[in-house]
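Heads up, the thing below is written out as structure tokens.
Please treat every number below as a calculation from the coordinates, not as lab data. Keep in mind that this is a model prediction, so the values were computed, not measured. With ideal geometry, Cβ positions are generated from the backbone for all residues, glycine too; neighbour counts draw on all protein chains shown.
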Amino acid sequence: MATAKPKRRRELDLGKVFRAIDNKDRDFPDRLTQAEAREFSAYVAMRWSAGIESDALTQTYYLRSTNERANMNFFDISRHPRLQWLVCSTISPMMGNYRHYWVGAKGSTDRVRNFIESQYPHLNDDELDYLAQTTTLEQCKEYARSLGWDDKEINQQL
């Protein structure tokens, strides 16, 4: 009979990340230990920062602020993790610390459609669906290469 592996203890406390976002702590990543820094992800911080437990007005503010400030062009600055964190640190209105919860990314699991949506956020759903049906994965990869993406980035996004 196989025994279950014990869960690995996380070095980075998400509560610290949320407090840093709520308090606009621009230097938070600089103070992380090496073990904490390995676990830190500005993307995860952004997804968690969008949802808070509070009144409807404050919840709406956090969600809209996350979408307008961080989510819109987050992957355009993927080569600059410090800048990604700085963008995340602009989300809070500095009205206290909140309990945060995960807000999943919208969209389908279709890699082509998700890629097109990330490159053309102004398109509506019908336009995105049409382009996704008429565009191949290879065409998306070629387009990403023309944007200067390396193979690692392409494999992560597509």
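Before moving on, here are some points about what is shown:
- Evaluated at q = 0.12, 0.15, 0.19 Å⁻¹, the base-10 log of the normalised Debye intensity for the chain, with identical point scatterers placed on the Cα atoms, takes the values -0.64, -0.91, -1.18.
- Note on the chain: GNM, Cα springs under 10 Å; of Val87, Val103, Val17, the largest mean-square fluctuation is that of Val103.
- Ranking Ser65, Trp85, Pro121 by Cα position along the charge dipole of region 55-158, where only Lys, Arg, Asp and Glu carry charges on their C-beta atoms, puts Trp85 farthest toward the positive end.
- Residues of region 55-89 with amide N under 12 Å of the 7 Å Cα→Cβ point at Tyr43: 74-79
- For q = 0.10 Å⁻¹, Debye-computed log10 I/I(0) when each Cα of region 14-101 counts as one equal scatterer: -0.22
- Largest GNM mean-square fluctuation among Leu14, Leu57, Leu83, using the chain with Cα springs under 10 Å: Leu57.
- For Gly51, residues with placed amide H under 5 Å, excluding near neighbours: Tyr101, Val103
- Residues of region 74-96 falling in the label zone of Asp27, defined by backbone nitrogen less than 16 Å from a point 7 Å along Cα to beta-carbon, are 86.
- A Förster radius of 22 Å, combined with the Cβ-Cβ distance separating Leu14 from Asn73, puts the computed FRET efficiency at roughly 0.35.
- Considering helices alone, the calculated mean residue ellipticity of the chain at 222 nm is -13500 deg cm²/dmol, with DSSP H runs of length four and up weighted by -39500 (n - 2.57) and normalised per residue.
- Projecting the Cα atoms of Gly148, Phe74, Tyr43 onto the dipole axis of the chain, where Lys and Arg carry +1 and Asp and Glu carry -1 at the beta carbon, places Tyr43 farthest toward the positive end.
- About its Cα centre, the dipole of the chain is roughly 840 debye, where the only charges are +1 on Lys and Arg Cβ and -1 on Asp and Glu Cβ.
- Ordering Cys88, Cys140 from the fewest to the most neighbouring beta carbons within 10 Å gives Cys140, Cys88.
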